[in-house]
Amino acid sequence: MQLSPRREVGEFRKRYKWMALTAIVVFSLLVGRMAQLQLVQYDEWARIARENITKTISLPATRGILRDARGRIIAENRPSYVVYLTPQLLAPEDVARVAELMNLDEAERAALQRRLDEIPSHRRTHQIEMFGDIDREQLAALETHRTDLPGVDVVPKPARTYPYGHLGAHAVGYLNEVSAEDLERLGADAGYRAGDVIGRMGVEKGWEAYLRGHRGYRRVLVDARGRRQREARGFGIAHEEVEPPTPGHDLVLTLDMELMTSIERAFAGHPSGSVVVVDVNSGRVRALYSKPSYNVNSLVAGMPQADYAALRDDPFRPLIDKTIYESYFPGSTFKPFSALAALDQPGFDPNHRVECIGYYQIGTDRKRCTSAHGEVDMRHALVQSCNTYFYVLAERVGLEPINTWARRFGFGERTGVGINSEARGFLATREWYTEHFGRFRVGDTMNTAIGQGNTRATLLQLALSYGALANGGTLYRPQLIESIREADGTLVEELPPQVARRIAIPEEHAQIIASGLFGAVNEQSGTAYEARVVGGTVVAAGKTGTAEIQRGSTRRDLDPRRAWYFQRSHAWFAGYAPASDPEVAIVVLVEHGGGGGRAAAPIALRVLQDYLGERTSVSPPATSPATSSTPRTNAARTTSTSASEGR
Amino acid sequence: MATVRTFRDQFDWPLFVATCAIAVLGVVNLYSATSASGALSEAYLQQIYWLTLGAGVATLVAAIDYRHYERNAWIIYGGGIALLLLVFLLGTSIRGSTRWINLGGFSLQPSETAKICLIIALAKYLHHDPKTEGRTLKDLVIPGLILALPMGLILLQPDLGTGLLCMFVFGTIMVLTKLKIRSLVTLALAFVFSAPLAWNYALHGYQKNRVLAFWAQLMGEADDRIIRTIGWHSHQSQVAIGSGGFWGKGFMQGTQNQFRFLPDQHSDFPFAVWAEEQGFVGTLLLIGLYAFVVVWGLRIASTAKDRFGAVTAVGVTALVFWQAVINLGMVSGVLPVVGVTLPLFSYGGSSVLTLMIGIGLLMNVSMRRFSF
């Protein structure tokens, strides 16, 4: 075979060495790069590799349950079901299938498709929450077809439910999902995530930290598509790491929902107002009732915009907590404090009589009284709610002492109840009048004395101050939570009553006030006498009030045909019962209810009868005034004595 | 001939052992790399079949004196070109590029075999064109055309990786010859100026994305979005290599591999699997083997008795070198991701066959260094 002649290879000779050298250098550089990755940066890459295959599934904590003082459930968690979709695993016909099973209408279908389309590609392998709290039929339909729809997951998730619905809504509050702004405001340390719920009002908001608990975690192995790997296959990583969630604490509230129910019943005839009942010996709040209210369950589920707007624009202001958030002119319910200020003045004689001719002339100004009461002393002035007596009293005492005494009883300062942006209330000073009206007039003091000046108080403040009148001068801090318990019922902390202040009230002064309050309810001339419960067994004491509405304070957007109503006075009753040995103080406000004796007192007396009546009838004789010897009941006993004297 | 050399003396054992080592490690690695994906779990068997076939072909290639190839070089070259043209007529398209011809049971990738045809054609040309003085640009026109024909067809498929590879092999062979400095400078300038043109007109969107992602990662500017989209492959590959550490995670224990974070773990990224499971020790071993084959290949070229043998040996060596370097560079994040496989280590029939033919040629040249 003839093969080609050999050719000269010398031309290439000297280049092989350089080539080999170059190759070795290049491979060395590659080894260097590998060393950089595998030796120098090992920790970092190992961490990323570990993160790649572990997915942390958060386990939501069960929120604490709210109970009332008698153990009735106010807020609990009910099982609900949430639908997650994994877009990656959903064929177009699956989406239509889901829509059909969920019984969605056209608009909802379009919304679903739009939401699915908006999901960025790198999130398409994730489970995305699409529907919250589906109903039974939807659940049944989806569960039946679960195996055909791998991209659909139905996951149980507890939902908050409030058996009492609208009753006590403002005090109890409600939950809903945290918003983007909340997350930003709370910061990462707070541990909230999108989809979490947060307390929005009342105890749910104020005690959020106790109620929510701590979320748990479950770390699972996943592949690149996010699919769970059930087999551990020994990758040197714990297959599943679980940190169970810590449930939130249960709270026992001081509220009594049966009392709330009875208030609701007694308030049936009036569209708006509020009631506070506190325990005079502990400051425990037994009732916080604000009318009209709204069903908190509907807010949890997410209220339609139109419904919410209707609530917001309702002239009776259902969204406002009228017990704590709103403050009012206390009207005549303020008179006992003016009286105490006067009694404190050296040489003031409560038995001195003032003649009431139906008005009081001061310069050119004629200040009105409710009627011509004739000659009244302090006790009778309280019984009959005589303004004239208090005009004269105010002239003599002056503004400062009245404010001082009011302040001692907690007016003008927050009670510290801890929920719902409590109003401070207001006590107008001489300087304030000068600043706002150019000058200070004696008429301002007179108005203050009868609760018509610029003094403002919340119902809770007033209830606590009447509690202090009833118990001989101990002003308590309001207590809304009685105890904190673990989910299994074990006690974490019993919250003791807290005294805000002890007010030194000379016994004889206390007697005069107590006697006046007793008379107002139980004497024929008393302003609340007509309101007594027929056949009632509970003897209450208290003060009515009729607070005029300031001109211009009503809303301008009202229907003129209804405007007259909103010009009507607010009706008040503040008092306590039983008169002989007070247990609870009550404040009732009927907004635009007219006269306190006619509108508010019947509600208060009815509620007190319902609440205490049963217990009084079964209570042992030991609580009767005759055997009681505590100084507090002394005052009360004297009250009843003086009442019989006055008759 | 003063001494009678036996086959045992002539046979190039180091080349044989190194080649076998790479191939065996490749099969072992492939077993792990594809164990997690059901569809490919038989790939290691396929690879064994191909390697066996390849060994047969290589034996055949080595047995026939390479001067026969020199004689029929243009026919071989023409055959290669014909196969490339067939792709456009009969080719099946996978992921947007048409690279495969279906031949009954298996598919052939003519761009792979074209690399060998190109080497033989260039060897043939240089064999008949000895020069003692430096070559000018004019001398490069014909070899340039020899390159341009197959490379153009390959780029049309499009298969950027193989196209570039042809260019690099061509470049290496031309460096072997003496080029005038002026020619070198002109070529370099031409390359620099053609780059932006290529960027704007020749590259596809996904190819540009890969380069951009590579650049961003190299500069440490890659954010999560880039990593999650266009830089995903390169990122996960580096995670696999880096997390292997010194000793590796152990055979079948690579989480990046087993949990399918590595794309194309059998064809383009088998090294990442290897490095993850065998660690730096394994990395060193494998890169060492490639370095050995390359240096040994150059040694074979230097002992070749004629220019055709020398150029063929250098061409095959250059092919192994560039494929290894580009693949290792791209899996370790120092080069953009182009579809270049790791010689004999990656899964792929045509690739294995081509490289076995190449090794056969090397063996051929090596065994005939004493003859004539």
note = Filtering region A:339-376 for residues that are in contact (Cβ under 8 Å) with a residue 40 or more places away in the chain, part of a loop (DSSP other than H, G, I, E, B) and of a type in the set (A, V, I, L, M) leaves a count of 0
key: Condition met for B:Phe308 (without any contact (Cβ under 8 Å) to a residue 60 or more places away in the chain, at the interface with chain A (Cβ under 10 Å from one of its Cβ atoms) and either over 23 Å from the mean Cα position of the chain (by Cα) or surrounded by 24 or more Cβ atoms within 10 Å (Cβ to Cβ) (or both))   = no
remark   = Of the residues in region B:252-280, those that are part of a loop (DSSP other than H, G, I, E, B) and under 13 Å from B:Ser234 (Cβ atoms) number 6
request  = Residue by residue through region A:330-386, note down the ones that are over 41 Å from the mean Cα position of the chain (by Cα), β-branched (Val, Ile, Thr) and over 17 Å from A:Gly453 (Cβ atoms).
outcome  = A:Val354, A:Ile357, A:Thr364, A:Val376
ask   = Does region A:551-574 contain any residue that is under 31 Å from the mean Cα position of the chain (by Cα) and farther than 29 Å from A:Ser272 by Cβ?
value = no
query = Which of the residues that make up region A:594-616 are surrounded by fewer than 24 Cβ atoms within 10 Å (Cβ to Cβ) and touching a residue at least 12 places away in the same chain (Cβ under 8 Å)?
reply = A:Gly594, A:Gly595, A:Arg598, A:Pro602, A:Arg606, A:Gln609, A:Asp610, A:Tyr611, A:Leu612, A:Gly613, A:Thr616
key: Pairs with Cβ under 7 Å, 6+ apart, first in region A:137-156 and modelled with pLDDT of 80 or more, second β-branched (Val, Ile, Thr) and assigned to a helix (DSSP H, G or I)   = A:Val152/A:Val98
note = Residue set A:Phe409, A:Phe390; condition touching a Leu at 6+ places or on another chain (Cβ under 8 Å) and either in contact (Cβ under 8 Å) with a residue 40 or more places away in the chain or outside the structural domain of A:Thr429 (by TED's automatic domain parsing) (or both); output residue A:Phe409
inquiry  = Could you tell me how many of the residues in region A:49-81 are aliphatic (A, V, I, L, M), surrounded by fewer than 19 Cβ atoms within 10 Å (Cβ to Cβ) and at pLDDT below 90?
reply    = 2
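Just a yes or no: is a residue in region A:209-230 farther than 30 Å from A:Ala96 by Cβ, β-branched (Val, Ile, Thr) and not in a loop (DSSP other than H, G, I, E, B)?
Yes, some residue in region A:209-230 is farther than 30 Å from A:Ala96 by Cβ, β-branched (Val, Ile, Thr) and not in a loop (DSSP other than H, G, I, E, B).
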Search result, residues across region B:283-305 that are more than 8 Å from chain A (Cβ to nearest Cβ) and touching a Lys or Arg at 6+ places or on another chain (Cβ under 8 Å) = B:Ile300, B:Thr303
query = Which one of these does A:Ala585 not meet: (1) modelled with pLDDT under 90; (2) buried (at least 24 other Cβ atoms within 10 Å of the Cβ); (3) small (Gly, Ala, Ser)?
reply = (1)
request  = Tell me, yes or no, whether region B:105-126 has at least one residue that is more than 21 Å from the chain's Cα centre (by Cα), farther than 18 Å from B:Phe308 by Cβ and surrounded by fewer than 16 Cβ atoms within 10 Å (Cβ to Cβ).
outcome  = yes
message = For region B:293-305, check the following and say yes or no: at least one residue is touching a residue at least 12 places away in the same chain (Cβ under 8 Å), of a type in the set (D, E, K, R) and crowded, with 24+ Cβ neighbours inside 10 Å.
response = no
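One line per residue, one yes/no per condition, for (1) within 11 Å of another protein chain (Cβ to nearest Cβ); (2) assigned to a helix (DSSP H, G or I); (3) free of Cβ contacts under 8 Å to residues at least 24 places away in the same chain:
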{"position": "B:Thr312", "(1), (2), (3)": "no, yes, no"}
{"position": "B:Val320", "(1), (2), (3)": "yes, yes, no"}
{"position": "B:Tyr347", "(1), (2), (3)": "no, no, no"}
{"position": "B:Leu362", "(1), (2), (3)": "no, yes, no"}
task = Count, please, the residues in region A:9-41 that happen to be within 7 Å of another protein chain (Cβ to nearest Cβ), surrounded by fewer than 20 Cβ atoms within 10 Å (Cβ to Cβ) and farther than 30 Å from B:Ile173 by Cβ.
result = 3
key: Filter result (within 30 Å of A:Thr364 (Cα to Cα) and of a type in the set (Lys, Arg)) within region A:439-490   = A:Arg439, A:Arg441, A:Arg456
remark   = If you go through A:Ile134, A:Ile53, A:Ile57, A:Ile74, the only one that is within 14 Å of chain B (Cβ to nearest Cβ) and touching a strand residue (DSSP E or B) at 6+ places or on another chain (Cβ under 8 Å) is A:Ile53
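The values are calculated or read from the model by the stated rules, or taken from the named source; none is laboratory data. Bear in mind the structure is a predicted one, so any value in this text is a computation, not a measurement. In this analysis, Cβ positions are derived from the backbone assuming ideal geometry, glycine residues included, and neighbour counts consider all displayed protein chains.
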